[in-house]
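The values are calculated or read from the model by the stated rules, or taken from the named source; none is laboratory data. Since the model is a prediction, treat every value here as computed from it, not as a measurement. Counting neighbours? That spans all protein chains shown, and the Cβs are built from the backbone with ideal geometry, glycine included. When the accessible area is computed, the model is the full protein with side chains, heavy atoms only, and any ligands, DNA or RNA have been set aside. Shrake-Rupley method; radii C 1.70, N 1.55, O 1.52, S 1.80 Å.
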Amino acid sequence: MLNKETQDLIALKVQADRAYYNSDQAIMSDAEYDSIKEKLRSTLLDPQDIMTVGMLPEAGLTTVTHKTPMLSLRVDRNRDEKGAIDFDARVSKAIGKNAIGKRHYVLEHKADGMAVCLRYINGILNQASTRGDGVNGEDITANILLVKSIPKTIDVYRYGNDIELCGEIVCFKTDFTAYNIDCLRQDKSVAASQRSLAVRLIRTRNLTDEVVKYLEKLNFYLYTVPDNEGIIGKQCFHSDRLKFSEFSNLIVSTGDSIETLNDQINFMLRHKPSQQIDCDGLVLKVDHTNAQKALGSTAEYPNWAVVFKYPAVSDASKILDVEYNVGRTGVISATAILSPVSLRGSVVERVNLAYGSNTFDILGLEIGMEVDICLAGDVIPKIHGVRSRPSGSYKRYTYPTNCHCCGAPLARSKGIGLVYCNNGFNCNEKALSILKYFVSKKGLNIKGLSDSGVELLFNRSDVRTYADFFNLNLSLLVSLFGQNNGTTIYNSIQEAKECNVHTLLCALSISGLSTSLADYTDLNFNGFKGLKEFLSCFKDGSSLPFFTKINFNRIKMYLSEPNVMPALEELAEVSDSNLPPLLPFNGKTFLLVGDFEFSTKEELEEVLTLAGGIVIEGTPSIGQHITYIVHGVRTRPSLLKYLKNNYKDSIILAENTKEADLFEAFGITVPEDWE
């Protein structure tokens, strides 16, 4: 059974993986991430389950299984002058000096981009996928086909009939700058880095003209050619396979003198070359493919390669203040307010203090303290160290022992130093975070209701617990959010009552209940009312399949927090009987065109909206889904022809058709001479 510290480390690593690979956000430095992995590696008997690499497949995208797992690379963290020599010693010890071949090693740039796998069948690009978790990735074929630097066909004689080629998709600095300038002009969010832009373009499903423009400019660099029946796959040296292909590569040099390569690596680490692509290190590989096979791989990385990372860019700043906030899980996060400092063209004024109380203990934060600020992963600002402390009297920061919002005593975890507020819904900041997540896309996905909308309802005291969302009436939502958006929110809340227990449990932010456990729970409890049965298990101490004692106790502890169990029990009582019925036009979209003889557009729009319909304002785009197109009797024939040709899936209604009963249902007078 895993102890609490190990479970916390596993959770932190999973959180870091998902933040980096799925959201393109680094929540810790590379060194801190590797330290966590080393601790887990020494603690777990079988670390393979938590040592997966890469992003998780995004919902809605097809999952692809790689023929050969796409592994990560081991990073050298010694930071001494003999990193390559030490690697050579390990290789020689494992397989013998003479077994490596005449040319020992190849040195390559490590591009900071997006790893992808290209599968060619009979010489044609058949499928492209992301690295994903190393075994399964996302199908990105449609986007990759637009990248001009990737050949759509290759020579079967050279590559064989079925081959997977792995490489890195990167964005040039000039294109990165041009893209962000375009975003600023259009008031859109800019890309944080060249890597984030590559990820954004490759994974998007919205292929607009602008996206296609920058997709075409992306560049692909090959770094792996597997054994195959083609002449390239039969080459004995990894570097020859890269050089003989028509793909670009990132080879720096090859050589049989490890001392020469070691000197070259040390020089380049001290003098990072200026390049169009963003590189975050150097990769040293054993060049002979037979030696690579002999060295083999772990579940996480190959034993025949090692990465040497470039030092992070840093500069000095002063700490002016520290702010705190409470997340939905109760974790207290701290942010240091800094004097402005420029790093790689970005002005940094705030830094998240990762690991909470441990950071305070290590740094001994003080007002006016001068610190080194670096960019973790060349993107996320982080305090790298202390330069000097202020003289004379100063304010010394210590991590709070009571919640800054509700005043409740804080609980501190062992090991990673996270501090929690366990005051449940009595803490307004925590309650608001819980409710925001409850209706977010990862929760019940209430359409039209943003974080700011939840804040408005919370501050007005219209919503204070989960069940309050289901008691909101249409008139209130329309008055707060407008006719169309208010109706959308109302309809979406009503639809949420049909969600399954898995979706509901995942939306509740229950500490100790992972997504996988919620999956198993869905097998045992059916429907929305299953929440009541789930909660009863924790009241009477009944066991649940697949739940360990640790999971069970953590959930039970969370449910004991103030007002948490009453809030969940109130939600469990929400049922079809006490919810208003779905409106007749729930989810239906309407377009009103032309002049109406027997009613005005404004009158008709009001009636349709109150019946749950959404009336499109302005000119719709070609292909936009419209359920009903309603036109007046004096509508121009040319406009009707245009509508019929471009919206073939829409139902077109007129004042003088038999569809007039649509209006009669809502009290609109229909003349007797109508059909």
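See the values below:
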{"item": "Total residues in the stretch 209-266, condition among the small types (Gly, Ala, Ser) and part of a strand (DSSP E or B)", "result": "3"}
{"item": "Residue list for the stretch 248-286, filter: among the acidic types (Asp, Glu), more than 16 Å from His109 (Cβ to Cβ) and touching a residue at least 12 places away in the same chain (Cβ under 8 Å)", "result": "Asp256, Glu259"}
{"item": "The lone exception for Lys441 - which of (1) open to solvent by 40 Å² or more (accessible area, probe 1.4 Å); (2) outside any loop (DSSP other than H, G, I, E, B); (3) modelled with pLDDT of 75 or more it fails", "result": "(2)"}
{"item": "Selection from the stretch 489-511 of residues that are polar (S, T, N, Q) and either surrounded by 21 or more Cβ atoms within 10 Å (Cβ to Cβ) or not in a helix (DSSP H, G or I) (or both)", "result": "Asn491, Asn500, Ser509, Ser511"}
{"item": "Single condition His104 does not satisfy, out of (1) surrounded by fewer than 20 Cβ atoms within 10 Å (Cβ to Cβ); (2) within 29 Å of Tyr310 (Cα to Cα); (3) modelled with pLDDT under 85", "result": "(1)"}
{"item": "Members of the stretch 296-308 found to be touching a helix residue (DSSP H, G or I) at 6+ places or on another chain (Cβ under 6 Å) and not in a loop (DSSP other than H, G, I, E, B), listed by number", "result": "Val306, Phe308"}
{"item": "Count of residues meeting criterion [of a type in the set (S, T, N, Q) and out of contact with any Ser or Thr (no Cβ under 6 Å at 6 or more places or on another chain)] in the stretch 330-352", "result": "4"}
{"item": "Residues satisfying the stated conditions in the stretch 128-143, i.e. in contact (Cβ under 8 Å) with a residue 60 or more places away in the chain and outside any loop (DSSP other than H, G, I, E, B)", "result": "Ser129, Thr130, Asn136, Gly137, Glu138, Asp139, Ala142, Asn143"}
{"item": "Subset of the stretch 333-376 (residues that are of a type in the set (D, E, K, R), at pLDDT below 70 and farther than 21 Å from Asp278 by Cβ)", "result": "Asp361"}
{"item": "Unmet requirement for Val170, which otherwise passes all of (1) surrounded by 19 or more Cβ atoms within 10 Å (Cβ to Cβ); (2) over 20 Å from the mean Cα position of the chain (by Cα)", "result": "(2)"}
{"item": "Meets criteria (closer than 27 Å to Val371 by Cα and open to solvent by 20 Å² or more (accessible area, probe 1.4 Å)) for Ser333", "result": "yes"}
{"item": "Answer from Leu118, Leu125, Leu146, Leu165 - the residue that is in contact with a Leu (Cβ under 7 Å, 6 or more places away or on another chain), assigned to a loop (DSSP other than H, G, I, E, B), at pLDDT 90 or above and of a type in the set (A, V, I, L, M, F, W, C)", "result": "Leu146"}
{"item": "Test: residue in the stretch 447-468 that is within 22 Å of Glu570 (Cα to Cα), buried (at least 19 other Cβ atoms within 10 Å of the Cβ), touching a residue at least 12 places away in the same chain (Cβ under 8 Å) and of a type in the set (Phe, Trp, Tyr)", "result": "yes"}
{"item": "Any hit, the stretch 178-188, residues being modelled with pLDDT of 85 or more, out of contact with any strand residue (DSSP E or B) (no Cβ under 7 Å at 6 or more places or on another chain) and surrounded by 13 or more Cβ atoms within 10 Å (Cβ to Cβ)", "result": "yes"}
{"item": "Residue within the stretch 294-309 that is at positive phi and at pLDDT 85 or above present", "result": "yes"}
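Let's see how each residue does on (1) at pLDDT 70 or above; (2) under 32 Å from the mean Cα position of the chain (by Cα); (3) buried (at least 17 other Cβ atoms within 10 Å of the Cβ); (4) outside any loop (DSSP other than H, G, I, E, B):
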{"position": "Ser543", "(1), (2), (3), (4)": "no, no, no, no"}
{"position": "Tyr558", "(1), (2), (3), (4)": "yes, yes, yes, yes"}
{"position": "Pro566", "(1), (2), (3), (4)": "yes, no, no, yes"}
{"position": "Glu569", "(1), (2), (3), (4)": "yes, yes, no, yes"}
{"position": "Pro584", "(1), (2), (3), (4)": "no, no, no, no"}
